[in-house]
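Participant: One structure, as structure tokens, below. Some questions next.
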Amino acid sequence: MYKLTVNFIFELKSALHSGGDIVKFGVDKAVYLDPVSGKPVIPATSFKGLIRRHVESILKAKNIRVCDAPKPDAMCSETANACIVCRFFGSPTIKSPLIFNDVEILNAYNSIKTSTTISRFRKTVLEDHLFTAQVVSGSLLKTAVTGLFNDKDDCITASALLYIGSASACGIGAGLSRGMGWINFKKYEPLIDDTPLNSEVVNNKIREVLKS
Ligand SMILES: [Zn+2]
């Protein structure tokens, strides 16, 4: 067995909140507080969903066959003939070999923004229309993805897919045109059994994946 670890660090350029910025990042669930540390984190499932969606859209743009996630009955059901996305990210019947972790927000601080709704008729603040939005600011986003594989080449393919998904999610790839430039991709570090993977090996695999 080979153990893959991919460490990620993103630089946070603007505050995250449960409204617009989170949607821009593609994360549909709000930041939540880790029950153990009490610190704000982006849930692992949100980060996985973000990376998967970006991998899918890049592969589809290259006319590479991927199934129709997230509709369960349109997704691959058997590992043997699964598309590359389901092989690495799983489907309702295929277990994902990759384990995603929550994304830590380093140097995070919270603030609560309170807004009010003004009645158009009375021009007064309606007392029961107060609502709040949590805003989280910080400096860096940090996470790691791990997995165990029988085949070393699968470790390299997983590294390539994670690079494709995270680079485009950050706006340094194809996502740039969608205005996602508010985080910077700072560190991408794939390791196999704790030994750093050569970037040329990953680059060659990215080219191979995008050609298939
Ligand atoms: Zn599939």
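Participant: Give me, ordered by chain and number, the residues 5 or more places off Cys83 or on other chains with an amide H under 5 Å from its own placed amide H.
Facilitator: Cys67, Cys76
Participant: Another question, then. Spelling out what I want: for every residue of the range 43-48, take phi, set θ = phi - 60°, compute 6.51 cos²θ - 1.76 cosθ + 1.60 (Karplus), and round to whole Hz; glycine and proline get x.
Facilitator: Residue by residue, the range 43-48 yields x, 3, 5, 5, 5, 4 Hz.
Participant: A further question follows. Considering amide H positions built from the backbone, and no H for Pro or chain starts, which residues 5 or more places from Ser96, or on another chain, come under 5 Å of its amide H?
Facilitator: Here the answer is Ser91, since their amide H atoms fall under 5 Å of that of Ser96.
Participant: Please work out how much length the chain gains when fully extended from Asn204 to Asn101, using 0.36 nm per residue of separation minus the C-alpha to C-alpha distance, in nm with one decimal.
Facilitator: Contour length minus the Cα-Cα distance gives 34.4 nm.
Read the figures in this text as sums done on the coordinates, not as results from a lab. These figures come from a predicted structure and were not determined experimentally.
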